[in-house]
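The values are calculated or read from the model by the stated rules, or taken from the named source; none is laboratory data. These figures come from a predicted structure and were not determined experimentally. Cβ placement follows ideal geometry from the backbone for every residue including glycine, while neighbour counts extend to all protein chains displayed. Accessible surface areas use protein heavy atoms only, side chains included; no ligands, DNA or RNA. Shrake-Rupley method; radii C 1.70, N 1.55, O 1.52, S 1.80 Å.
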Amino acid sequence: MRLGRVAAVSDTGRRRRRNEDAYVCSPPLFAVADGMGGAQAGEVASRLAASVLEEPLTPGEAGEARVARLIQEANRRIYTRSREDAAASGMGTTMTVALVEADGRVAVGHVGDSRAYRVRAGALEQLTDDHSLVAELVRGGRLSPEEAETHPQRSVITRALGTDPDVDVDTFTVEAQPGDLYLLCSDGLTSMVPDEQILALLERHRDDLDAAARALVGRANEGGGEDNITVVVFELVDGSPEDTARMDAVEEDTLSELDAVPALAEPRAHVPRRRSDERRANLVGMVALLAALAVIAALVLWGLLR
Ligand code: CA
């Protein structure tokens, strides 16, 4: 078993001015982070968290231990930054990480109300528990899932990165099967699109994960787009782990707003952005070459005609 196709889309939505979500789509590591805080602090928090995942591996570390260490490291950096920088005070972020191991198992680490789902045999299963006020009330039997959906405090989260020196991280490992589809997403998707529709859209676009990711974001915007929407999808397929996964991430125009994030020296975690920059550079080179050839052809023709 090995990783198959992957795709990712992040969108500002229709109501927010900025996109405070970040994601990582660097097979075999995937993550979403949903930042919060005044001014631009939410963006700083989620991007700090994502940047930690782009760093070199610690030797000998794998699975849940690695995922937990990465999230703790992200927490430490956000907490430190928020203590040093008054503008970043009180910032935080959710983070849901999935690491596909060489044997095909998937290690998950999770803090907050972003989610990891799995689609298998036509069913959508939420793998993570929301660390939110309403989810705790539902688990305690004091609120029905239906009441939670419309509760005025449904966006209040009970655990986040960056608010304390240490964070309690949920970690677990799931046994994957060929054909499994995994979805990581921020609450901008799940607060706008019910699970049945998420499943229906993923199944409808099962042959094209880019289209699937775009369809999910599109549906969240149709539903109101009240929050930033981020979707990362990957599949597991038959084959040997040595086969390289196809990188299929999608860049949305909203990602250009990342350039406006202040005082964030860390490398960005948006792999598709770098790929897109390369594509743009290649395109510019190609246009310049064609223009030069056209000039030479014109000169030769002019010489022949004289
Ligand atoms: Ca959100």
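Assorted remarks:
- Verdict on Asp85 being over 22 Å from Glu175 (Cβ atoms) and touching a residue at least 60 places away in the same chain (Cβ under 8 Å): yes
- Leading residue by the ranking (surrounded by the fewest Cβ atoms within 10 Å (Cβ to Cβ)) among those in region 120-152 that are touching a helix residue (DSSP H, G or I) at 6+ places or on another chain (Cβ under 6 Å) and under 26 Å from Val97 (Cβ atoms): Pro145
- Within region 19-36, if we keep just the residues that are surrounded by fewer than 24 Cβ atoms within 10 Å (Cβ to Cβ) and out of contact with any Asp or Glu (no Cβ under 8 Å at 6 or more places or on another chain), the residue that is nearest to Leu184 (Cα to Cα) turns out to be Leu29.
- Qualifying residue in region 179-187 (condition: within 16 Å of the ligand (Cβ to nearest atom), among the polar types (S, T, N, Q) and within 25 Å of Ser10 (Cβ to Cβ)): yes
- Some residue of region 39-48 being without any contact (Cβ under 8 Å) to a residue 60 or more places away in the chain and in a loop (DSSP other than H, G, I, E, B): yes
- With respect to the conditions (1) buried (at least 21 other Cβ atoms within 10 Å of the Cβ); (2) within 25 Å of Gly225 (Cβ to Cβ); (3) away from the ligand (no atom under 16 Å from the Cβ), Val167 lacks only one, and its number is (2).
- Among the numbered conditions (1) within 23 Å of Asp187 (Cα to Cα); (2) not in a strand (DSSP E or B), the only one that Ala65 does not meet is (1).
- Residue within region 62-77 that is on the phi > 0 side of the Ramachandran plot and away from the ligand (no atom under 16 Å from the Cβ) present: yes
- Scanning region 102-119 for residues that are in contact with a Cys (Cβ under 9 Å, 6 or more places away or on another chain) and either open to solvent by less than 40 Å² (accessible area, probe 1.4 Å) or more than 15 Å from the ligand (Cβ to nearest atom) (or both) gives Ser114, Ala116, Tyr117.
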